Amino acid sequence: MNRFKRLIPYFATFLAVFYLLPFTYWLHLPKGWVIAVLLLVNPAFCLGSGMVYTAKHGFCWYFLFLPILFLPSAFLYYNESAVFYTWVYLALTLGGIGLGLLLRKKAE
């Protein structure tokens, strides 16, 4: 149960990045903002959060479920072609977990 409590801040941050950040598009920001979020912000966040969580707390397989939170967001804010990014974010999170494991081993 303790591991699930550690996931709560990451869960909340994933929700904010995947749901609140695209919501700013409705504030009449330039259209390039949506592309920047899809191609720059979300991937960097997935890679970084996987790395930070794993470096701090060790490997946790259910951390890989967090990028799947993007799936409903793809239909809410984008279109069905954005579903592909769910797999990209999942792969980047897995890469971040791998980097986090390397950093954790280096620190030991």
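Throughout, read-outs are computed from the coordinates displayed, never taken from laboratory work. Just so you know, these numbers come straight off a predicted model, no measurement behind them. Glycine gets a Cβ as well: all are built from the backbone with ideal geometry, and neighbour counts include every protein chain shown.
Find all pairs meeting these conditions: Cβ atoms under 6 angstrom apart; at least six residues apart or on different chains; first residue within segment 87-107 and of a type in the set (D, E, K, R); second residue surrounded by 17 or more Cβ atoms within 10 Å (Cβ to Cβ) and part of a helix (DSSP H, G or I). Sorted first by the residue in segment 87-107, then by its partner, the pairs are 104/55.
Need at least 3 residues that are under 11 Å from the mean Cα position of the chain (by Cα) and within 30 Å of residue 106 (Cα to Cα) per element, so show me which helices (runs of 4 or more DSSP H) inside segment 17-91 make the cut, counting only ones lying wholly within it. Because the criterion is at least 3 residues that are under 11 Å from the mean Cα position of the chain (by Cα) and within 30 Å of residue 106 (Cα to Cα), the helices (runs of 4 or more DSSP H) in segment 17-91 that meet it are 42-57. In a residue-by-residue description of segment 74-89, the property of being closer than 17 Å to residue 51 by Cα and of a type outside the set (Gly, Ala, Ser) applies to at least one position. Looking across segment 11-38, just one residue is surrounded by fewer than 19 Cβ atoms within 10 Å (Cβ to Cβ) and under 17 Å from residue 94 (Cα atoms), and that is 11. Out of 54, 13, one residue alone is touching a Cys at 6+ places or on another chain (Cβ under 9 Å), β-branched (Val, Ile, Thr) and in contact (Cβ under 8 Å) with a residue 12 or more places away in the chain. It is 54.
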